[in-house]
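Participant: Below are the C-alpha cells for one structure; questions will follow.
The values are calculated or read from the model by the stated rules, or taken from the named source; none is laboratory data. All of these numbers come straight from a predicted model, not from anything done at the bench. Reconstructed Cβ throughout: ideal geometry from the backbone, glycine too, with neighbour counts over all protein chains shown.
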C-alpha cells in the first residue's frame, strides 16, 4: 500500500479575545491506502478542526496537505471538486447534516449529479439504490425524509452519501458518538465491511478509545492542537508512553470487576488559551518539571512506528 495522505506542519489558528487559539498546531500525519488512523483526544483538542482542514472545509493557516501526491492547499475550484470526490466526510450529527427538504434518495442522486456520475436521473437512482443496499437500507427508504428515520438509519444515509462517489478516503468525525451502544456496534461493523469491500482509508475521529481500538490500525493522540503520541494499535494499548495517553486509557471501563486498575485523574480542565511556549500538557501533568514549561517536546521514536512528544519518556 502506498501513502495516500500526508500533512506537514498543518496549522489552523483563531483569534479569540486578543488571544491566539492554536486549534491545530504543526500536525504532521500520514495515511496509507485502505488504512484506518484513529485520532483521539478530549473535546476541544482540535480533532474535528484537523479533519475539516484536511478537506479544506476550513482553510489552513499554514502547512501542507498532500493527497495522492498533490498539494491540496493549492487546488483551484475544479481541482477541489475532484478532490472532494475522492475525500469525503461523515459528520457526528447525522440529523443536522441531512437536508430536511430532500428525500433520502435525492441526497445521494444530488451528489452524483454534481460530480457528473450517471447519464440521467434513472441511472443515478439505480446507483443510489445499490448504495442504499450496501448500507442495509431499501428502495422504500429512499422515498422518505430524514425526520422519518432513527438515528442509526440516518447515519447509514450519511455513510451512503459518503461512499456513493467511491472515494479513496473518508474523514469520520465521531460518527457513532450520538448513537446507542448497540447501534454503534452495527455502524462500526458496517464501516469495516465497506472498507474491506471498497478499500477506503479512514481517519476515525473519536474521544472513545474503546471504539477506536475496534476499528483502527494506528492511533494518534491529540492534545490542545498537537499530536503527543502516535503508534500502531497494539503497541499503543499495550505500552502507552505519554502521560496524557496513560490517563486516557486508565479511564476506559473494565467489564470484569475482578480486574483492578489505577485510574489516573488529570487535575484542572482543558483551556485552549492558557498555555505557554512549553509542553501543552505541563499544567496538568504529574511528571512536569521546569523544562516542560520552557521547551516544546518534539515527537521522537521510542520503537518502530511509535513516536512520543515528552521530555520524560
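Participant: Restricting attention to segment 113-124, which residues are in contact with a helix residue (DSSP H, G or I) (Cβ under 6 Å, 6 or more places away or on another chain) and either buried (at least 20 other Cβ atoms within 10 Å of the Cβ) or farther than 23 Å from residue 80 by Cα (or both)?
Facilitator: Scanning segment 113-124 gives a single hit, 124.
Participant: Also, I was wondering about something else. Keeping to segment 79-111, report how many residues are surrounded by fewer than 21 Cβ atoms within 10 Å (Cβ to Cβ), more than 23 Å from residue 148 (Cα to Cα) and in contact (Cβ under 8 Å) with a residue 12 or more places away in the chain.
Facilitator: The qualifying residues number 6.
Participant: Exactly one of these conditions fails for residue 44: (1) loosely packed, with under 15 Cβ neighbours inside 10 Å; (2) touching a residue at least 40 places away in the same chain (Cβ under 8 Å). Give me its number.
Facilitator: It is condition (1) that residue 44 fails.
Participant: Of the conditions (1) at pLDDT below 85; (2) under 25 Å from residue 53 (Cβ atoms); (3) in contact with a helix residue (DSSP H, G or I) (Cβ under 8 Å, 6 or more places away or on another chain), residue 268 fails just one. Which one is it?
Facilitator: Going through the list (1) at pLDDT below 85; (2) under 25 Å from residue 53 (Cβ atoms); (3) in contact with a helix residue (DSSP H, G or I) (Cβ under 8 Å, 6 or more places away or on another chain), residue 268 breaks only (2).
Participant: Still on this structure, please answer the following. Could you list, in sequence order, the residues of segment 164-199 that are buried (at least 23 other Cβ atoms within 10 Å of the Cβ) and part of a loop (DSSP other than H, G, I, E, B)?
Facilitator: Listed by number, the residues that qualify are 164, 175, 176.
Participant: Can you name every residue in segment 226-243 that is surrounded by 22 or more Cβ atoms within 10 Å (Cβ to Cβ) and either in a strand (DSSP E or B) or touching a helix residue (DSSP H, G or I) at 6+ places or on another chain (Cβ under 8 Å) (or both)?
Facilitator: 226, 227, 228, 229, 230, 231, 236, listed by residue number.
Participant: Any residue at all in segment 18-34 that's surrounded by fewer than 19 Cβ atoms within 10 Å (Cβ to Cβ) and without any contact (Cβ under 8 Å) to a residue 12 or more places away in the chain?
Facilitator: Yes, because at least one residue in segment 18-34 is surrounded by fewer than 19 Cβ atoms within 10 Å (Cβ to Cβ) and without any contact (Cβ under 8 Å) to a residue 12 or more places away in the chain.
Participant: Can you report the number of residues in segment 287-304 which are within 19 Å of residue 239 (Cβ to Cβ) and in a loop (DSSP other than H, G, I, E, B)? Steps first, please.
Facilitator: Narrowing segment 287-304 to residues within 19 Å of residue 239 (Cβ to Cβ): 287, 297, 299-304.
Checking the rest, the ones that are also in a loop (DSSP other than H, G, I, E, B) come to 287, 297, 299, 304.
Looking only at that region, the number is 4.
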